[in-house]
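The values are calculated or read from the model by the stated rules, or taken from the named source; none is laboratory data. This one's a predicted model, so the numbers in the text were calculated from it and none came from an experiment. FYI the Cβ positions are ideal-geometry reconstructions off the backbone, even for glycines, and counts take in every protein chain you see.
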Number of protein chains: 2
Amino acid sequence: MTTINRQWRLKTRPVGAPSTETWDYTETEIPTITDGQLLIKIDYISIDPAMRGWLNDAKSYIKPVQIGEVMRAGTVGEVIESKHEKFAVGDYVAGHDGVQSYAVSDGTGLHKVDPNLAPLPYYLGVLGMPGMTGYFGLLKTGQPKAGETVVVSGAAGAVGSLVGQIAKIKGCRVVGIAGGSEKCKFLVDELGFDATIDYKNENVKKALKQTCPNGVDVYFDNVGGDILNDVLTQINLHARIVICGAISQYNNTEAVKGPSNYLSLLVNRARMEGIVVFDNIKEYPIAMKEIAGWIQSGDIKVKDHIVKGIETFPDTLMMLFNGENFGKLVLKVEE
Amino acid sequence: MTTINRQWRLKTRPVGAPSTETWDYTETEIPTITDGQLLIKIDYISIDPAMRGWLNDAKSYIKPVQIGEVMRAGTVGEVIESKHEKFAVGDYVAGHDGVQSYAVSDGTGLHKVDPNLAPLPYYLGVLGMPGMTGYFGLLKTGQPKAGETVVVSGAAGAVGSLVGQIAKIKGCRVVGIAGGSEKCKFLVDELGFDATIDYKNENVKKALKQTCPNGVDVYFDNVGGDILNDVLTQINLHARIVICGAISQYNNTEAVKGPSNYLSLLVNRARMEGIVVFDNIKEYPIAMKEIAGWIQSGDIKVKDHIVKGIETFPDTLMMLFNGENFGKLVLKVEE
């Protein structure tokens, strides 16, 4: 076994898009664990849009990653040493243990996962943070009712693809906004979306009118910017807009683009509400069980996009912002 | 008695601020009423920010005023002829009977008011549409709890001054945003606001930090634009933003300014929701009774700004957008 821990650390806070300047690649000795600790060999690292926010030195729902610190990330791996009473060698665990090949943990934020129940990467996606985000964001905040029209942006991503599929299960008409004909075809043919809008090749506002002839009741927003603004022109009375993210705006060097059509909220007595997944942590088990059931029954299909090699981390992260991932983006530590 | 009805009609739809080009002043014979109709001598006409929206040829919560039509407005007046079984000569009635000195009505949207219970202009303000807007917008959508901080813009206006006073009754810390030291002094000294921000002479963001040391839990927005955007930087977890209006944006010739800080809704799991008063019409009597009680007990004070002479209508309307009114703006038909 190697004694080297490969790590990506925050070197400088990016202005705009992260670049090679943002990161330091370091190799250190794997530390020795003490009582109450365990050592995890990380197999998969989750690559999520939220990571961009964690790089900003701003008050937010979670403290920023510090300069010199190993980059925060969701992880899943195997316990290979343990002096912790709750975890044994051979256990598989999911947590937030960072962009590194090994992690020492005192168990905080860790939970055991079963690799026989689902492939390990699922615990970073549909059964992990993105899954919980989509589940609670749509059901609690979006409150879709059968027969309503649900629109979701970033529809081919980890959160969006789950949101659309849950909305279908709930009896809604579902329209996904994604970039490129391949993703759009997948959403309709494989995931059962009713229609899609290819924002890279279509006029979104026109396409919304065509694909949502009865207007939009729930909009689950992962992208912000012009697409949010266009959807606001098509919402129905008492529509719910779930603000989950704004990936189009995260690497802005200028101010975020505010939705100039926000007065549509007034005209339509509609609501725009932000969500943060961690607020639902006590209910995660309920959601995981229900989603796992839908996967088993075939109602929910999962698409992972796995990139191999921890050394690719900076480029792999950028795939998110360039819309190059197709499904839940996961970094496999070993090539 | 005169036989002439003086009326202001929409001549052309304004681009930007209404001007003399917007209106036609006409004099016609007062029509003869037929069975089921009544004739109202209008005493007071309500001048409200919402009127600007009614001039736009756009899909909204109410159909636009048509070219050539008498301008829509809230009114209160006396029945001087009646062939309607529910209304008798001498009744005082409130309704939406337009910017004119006499109106023929079939009773639609009319309700009787008691001039002995409250001065007639109150039925256009605190006991009329603005009162209902403030009452339901704050209590139903804002949901203020004792000890929370409530910020209201347009605080010296008809809606804002009521919102602040109701929030005080509910045990909140109340901060009003208004233009000019005279209005600000009035809000604190006469209406019991805890603090004010004079947006014409203060940096709103800085002043919010000073006057809301515990952050903002409820923001009742009548103005939009930069002030909404500044408040978004100061909201607390689970804050509620009530979108009632955006008077700063109504006469824009360019696109409305969207709130670029809207992602604060995400970070704070906060909500921004639009309201339209007419949705609560069935509950108006409950609200009117409660507000009347508060007026009697002295918990709510009323300030009207009455301008005399229907001929001043175009200039009087512009007072709203220039922030020149101080209290509920009402046009008295006769000089």
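Of all the criteria given as (1) surrounded by fewer than 17 Cβ atoms within 10 Å (Cβ to Cβ); (2) more than 16 Å from the chain's Cα centre (by Cα); (3) touching a residue at least 24 places away in the same chain (Cβ under 8 Å); (4) not assigned by TED's automatic domain parsing to the domain that holds residue B:168, the one not satisfied by residue B:315 is (3). When you check residue B:165 against the structure, is it buried (at least 22 other Cβ atoms within 10 Å of the Cβ), over 25 Å from residue A:265 (Cβ atoms) and polar (S, T, N, Q), yes or no? So residue B:165 passes the test. Taken together, A:133, A:75 contain a single residue that is surrounded by 13 or more Cβ atoms within 10 Å (Cβ to Cβ), in the same structural domain as residue A:156 (by TED's automatic domain parsing) and closer than 20 Å to residue A:158 by Cα, which is A:133. Does residue A:284 qualify as being at negative phi and away from chain B (no Cβ under 14 Å)? In short, yes. Checking every residue in the stretch B:111-125 against the condition of being assigned by TED's automatic domain parsing to the domain that holds residue B:48, within 15 Å of residue B:36 (Cβ to Cβ) and among the aliphatic types (A, V, I, L, M) gives zero matches. Scanning the stretch A:78-103 for residues that are charged (D, E, K, R) and closer than 24 Å to residue A:130 by Cα, we see that the one that is surrounded by the most Cβ atoms within 10 Å (Cβ to Cβ) is A:97. Residues of the stretch B:66-93 that are among the hydroxyl-bearing types (Ser, Thr, Tyr) and within 30 Å of residue B:314 (Cα to Cα): B:75, B:92. Among the residues making up the stretch A:110-122, those that are farther than 17 Å from residue A:294 by Cβ and under 18 Å from the mean Cα position of the chain (by Cα) are A:120, A:121. Among the residues of the stretch B:1-39, those identified as modelled with pLDDT under 95 and in a helix (DSSP H, G or I) are B:20, B:21. Against the numbered list (1) over 19 Å from residue A:161 (Cβ atoms); (2) surrounded by 24 or more Cβ atoms within 10 Å (Cβ to Cβ); (3) not aliphatic (A, V, I, L, M), residue A:234 comes up short only at (2). Residues that are surrounded by 15 or more Cβ atoms within 10 Å (Cβ to Cβ) and among the charged types (D, E, K, R) were ranked within the stretch B:31-58; the one that is farthest from the chain's Cα centre (by Cα) is B:41. Against the test of being in the same structural domain as residue A:321 (by TED's automatic domain parsing) and over 18 Å from residue A:33 (Cα atoms), the options A:64, A:144 yield a single qualifying residue, A:64.
Checking each residue in the stretch A:83-98 for being in a loop (DSSP other than H, G, I, E, B) and under 16 Å from the mean Cα position of the chain (by Cα) picks out A:96, A:98.
For the condition surrounded by fewer than 20 Cβ atoms within 10 Å (Cβ to Cβ), more than 14 Å from every other protein chain (Cβ to nearest Cβ) and either closer than 21 Å to residue B:11 by Cβ or in contact with an Asp or Glu (Cβ under 9 Å, 6 or more places away or on another chain) (or both), residue B:28 qualifies. Just to be sure, is residue B:326 of a type in the set (Phe, Trp, Tyr) and within 14 Å of chain A (Cβ to nearest Cβ)? Spelling it out, it is not the case that residue B:326 is of a type in the set (Phe, Trp, Tyr) and within 14 Å of chain A (Cβ to nearest Cβ).
Can you tell me which residue in the stretch A:50-82 is nearest to residue A:255 (Cα to Cα), limited to those that are part of a loop (DSSP other than H, G, I, E, B) and basic (Lys, Arg)? Result: A:59.
For the stretch B:232-261, filtered to residues that are in a strand (DSSP E or B) and farther than 14 Å from residue B:273 by Cβ, the residue that is nearest to the other protein chains (Cβ to nearest Cβ) is B:237. Only a single criterion out of (1) surrounded by fewer than 16 Cβ atoms within 10 Å (Cβ to Cβ); (2) in a loop (DSSP other than H, G, I, E, B) is not satisfied by residue A:182, namely (2).
Considered as a group, the residues in the stretch A:209-226 that are surrounded by fewer than 24 Cβ atoms within 10 Å (Cβ to Cβ) and at negative phi include one that is modelled with the lowest pLDDT, and that residue is A:226.
Residue by residue, here is whether (1) assigned to a helix (DSSP H, G or I); (2) without any contact (Cβ under 8 Å) to a residue 60 or more places away in the chain; (3) hydrophobic (A, V, I, L, M, F, W, C) holds:
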residue	(1), (2), (3)
A:127	no, no, yes
A:161	yes, no, no
A:201	no, yes, no
A:208	yes, yes, yes
A:223	no, no, yes
A:230	yes, yes, no
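Set side by side, the residues A:106, A:114 differ, and just one is surrounded by fewer than 24 Cβ atoms within 10 Å (Cβ to Cβ), free of Cβ contacts under 8 Å to residues at least 40 places away in the same chain and more than 16 Å from residue A:275 (Cβ to Cβ), which is A:114. The combined condition, being surrounded by 21 or more Cβ atoms within 10 Å (Cβ to Cβ), among the small types (Gly, Ala, Ser) and within 14 Å of chain A (Cβ to nearest Cβ), is fulfilled by residue B:264. Checked against (1) under 22 Å from residue B:158 (Cβ atoms); (2) under 20 Å from the mean Cα position of the chain (by Cα), residue B:252 passes all but a single condition, namely (1).
When the stretch A:241-261 is filtered for residues that are more than 22 Å from residue A:56 (Cβ to Cβ) and either surrounded by fewer than 24 Cβ atoms within 10 Å (Cβ to Cβ) or modelled with pLDDT under 95 (or both), the ones remaining, listed by number, are A:260, A:261. Has the stretch B:273-281 got any residue that is in a helix (DSSP H, G or I) and either acidic (Asp, Glu) or away from every other protein chain (no Cβ under 14 Å) (or both)? Checking the stretch B:273-281: at least one residue is in a helix (DSSP H, G or I) and either acidic (Asp, Glu) or away from every other protein chain (no Cβ under 14 Å) (or both).
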